[in-house]
Amino acid sequence: MNQDKDMQMCFYPVTKKHLSIIHRWFKTNHVKEFYYGDGLKNTLNNLELYCRGINNNGKYSFDHWIAFYNKTPFAFIMTSLVDGPFDSNDNYNKWYIDDKQTYTMDLLIGELDFLGKGLADIMIQSFILDQYSDVDFFIIDPETENSKAIHVYKKAGFKKVEGFRPDFNPKPHTMMRMAVQDLK
């Protein structure tokens, strides 16, 4: 791969025409390891609602994105605004800061051919700068045992801030945070 990786990436809001690709990715072994049970059900439900124009489906409102590299779809990204006021009992909402915009992020590389190519951290940075450059912070919460994801997120600019167990998953997670200004 050449050094212009980020110049060849494009990001689009997910539409119905992307659903079959994304559904296929969720059935692959490397994705099923981290998207399963109620979390997967909620993600698929939110995705379906989003494609029908319903973007407020419960506690959080999600935006869904598909990433392309050289015109080939290869990754799925979800973002959600962290709304206040501050609530120390909510693992995500507690990162709300008055007069600052903080978004959550979750993602996956769906296409096997794109794994291990050094694209994930570049994709994250390119996506944020392309679509959310005016945002103050991003948070992401990989499972603590997912050392590959934590390594990639650190490489992209996230820093570990705390460990926790989310309500929706019994496995320990690591909250990581990035100041978007640090990417500029």
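The values are calculated or read from the model by the stated rules, or taken from the named source; none is laboratory data. Here the structure is a predicted model, which means the values were calculated and not measured. Ideal geometry is used to build each Cβ from the backbone, glycine not excepted, and the neighbour counts take in all protein chains shown. Heavy atoms of the whole protein, side chains included, go into the accessibility calculation; ligands, DNA and RNA do not. Shrake-Rupley method; radii C 1.70, N 1.55, O 1.52, S 1.80 Å.
In the list LYS117, LYS148, LYS154, which residue meets the criterion of being over 22 Å from ASP63 (Cα atoms) and either open to solvent by less than 20 Å² (accessible area, probe 1.4 Å) or not in a helix (DSSP H, G or I) (or both)?
Exactly one of LYS117, LYS148, LYS154 is over 22 Å from ASP63 (Cα atoms) and either open to solvent by less than 20 Å² (accessible area, probe 1.4 Å) or not in a helix (DSSP H, G or I) (or both), namely LYS117.
Filter the stretch 157-181 for residues that are open to solvent by 80 Å² or more (accessible area, probe 1.4 Å), within 20 Å of LEU81 (Cβ to Cβ) and either at pLDDT 90 or above or in a strand (DSSP E or B) (or both) and give the result.
GLN181
Take the residues in the stretch 19-38 that are open to solvent by 40 Å² or more (accessible area, probe 1.4 Å) and either touching a helix residue (DSSP H, G or I) at 6+ places or on another chain (Cβ under 6 Å) or of a type in the set (S, T, N, Q) (or both); name whichever of them is nearest to PRO142 (Cα to Cα).
Among them, the one singled out is ASN29.
Matching residues to (1) within 21 Å of TRP25 (Cβ to Cβ); (2) polar (S, T, N, Q):
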position: VAL82; (1), (2): no, no
position: THR102; (1), (2): no, yes
position: PHE114; (1), (2): yes, no
position: LYS117; (1), (2): yes, no
position: MET123; (1), (2): yes, no
position: ASP134; (1), (2): no, no
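Looking at the stretch 94-114, which of the residues that are part of a loop (DSSP other than H, G, I, E, B) and over 16 Å from ILE66 (Cα atoms) is modelled with the lowest pLDDT?
Among those residues, the one meeting the criterion is TYR96.
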